[in-house]
1. Can you give me the number of residues within region 1-42 that are in a helix (DSSP H, G or I), touching a residue at least 40 places away in the same chain (Cβ under 8 Å) and under 21 Å from residue 83 (Cα atoms)?
2. Suppose we filter 162, 131 for residues that are of a type outside the set (Gly, Ala, Ser) and either closer than 23 Å to residue 100 by Cα or within 14 Å of the chain's Cα centre (by Cα) (or both); which single one remains?
3. Can you tell me which residue among 73, 80 is buried (at least 16 other Cβ atoms within 10 Å of the Cβ) and at pLDDT 95 or above?
4. Can you name the number of the only condition in (1) under 20 Å from residue 164 (Cα atoms); (2) in a loop (DSSP other than H, G, I, E, B) that residue 69 fails?
5. Of all residues in region 15-61 being basic (Lys, Arg) and under 14 Å from residue 168 (Cβ atoms), which is surrounded by the most Cβ atoms within 10 Å (Cβ to Cβ)?
6. Could you tell me whether residue 45 is assigned to a helix (DSSP H, G or I), touching a Gly at 6+ places or on another chain (Cβ under 9 Å) and in contact (Cβ under 8 Å) with a residue 24 or more places away in the chain?
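The values are calculated or read from the model by the stated rules, or taken from the named source; none is laboratory data. All values derive from a computational prediction rather than experimental measurement. Positions of Cβ are generated from backbone atoms using ideal geometry, with glycine treated the same way; all protein chains shown enter the neighbour counts.
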Amino acid sequence: MARRAYYLSHPQVRIDPDLAIETWGLSDIGHARVAGLIARGLPDIGVVYSSLEVKALETARPLADALGCPLVNCAEMGENDRSATGFLPPAEFEATADRFFAEPDVSVRGWETARAAQARIVDAVQSALLDISGDALFVGHGGVGTLLFCALRGVEIDRRYDQGPGGGGQVFDWTVGHKPDAGWRRMEDL
């Protein structure tokens, strides 16, 4: 029987420029979207893997609890390392992210390169899929999720495959061993 894998980016976060980005949690809207997903029902998933960042864990933990399945923490699923700049105002962040995707082998402003982040997320997901026999949900971040999507589709790194505006909370899925059938969609459509 074909196995399915799902990649979900955390939904909206509470942005606090005074805190490290990886410690940001979900906003009220983000929590409500996770609760709404649980209320609508989830696919039959046997394990949830999550980035260690607070916003990802606050998304993954209630989903794993609702599914009654294990939650596996995976440091390698973290967002691309942006600690060199920390918080950037929205317009500056978007311009820097554009360069991150357009120049995948360059450390833009000291960020982890897109190519290195892609290798890390692909290895984490592939390793996880070797360890399990059922369907899996990976909960992480939009940037590395886009890099994973590009690798799975066999296309060059390009921001046009990004999840788009809206603050996250988007998902794509694929049959293990095959390319994703479609791109990102809202988590409400899972």
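1. Number of matching residues: 2.
2. Just a single option satisfies the conditions, and that option is 162.
3. 80 is the lone residue from the list that is buried (at least 16 other Cβ atoms within 10 Å of the Cβ) and at pLDDT 95 or above.
4. (1)
5. This residue is 55.
6. Answer is no for this residue.
Here's the yes/no breakdown for (1) out of contact with any Phe, Trp or Tyr (no Cβ under 7 Å at 6 or more places or on another chain); (2) not in a loop (DSSP other than H, G, I, E, B):
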site: 106; (1), (2): yes, no
site: 112; (1), (2): yes, no
site: 119; (1), (2): yes, yes
site: 165; (1), (2): yes, no
site: 171; (1), (2): no, yes
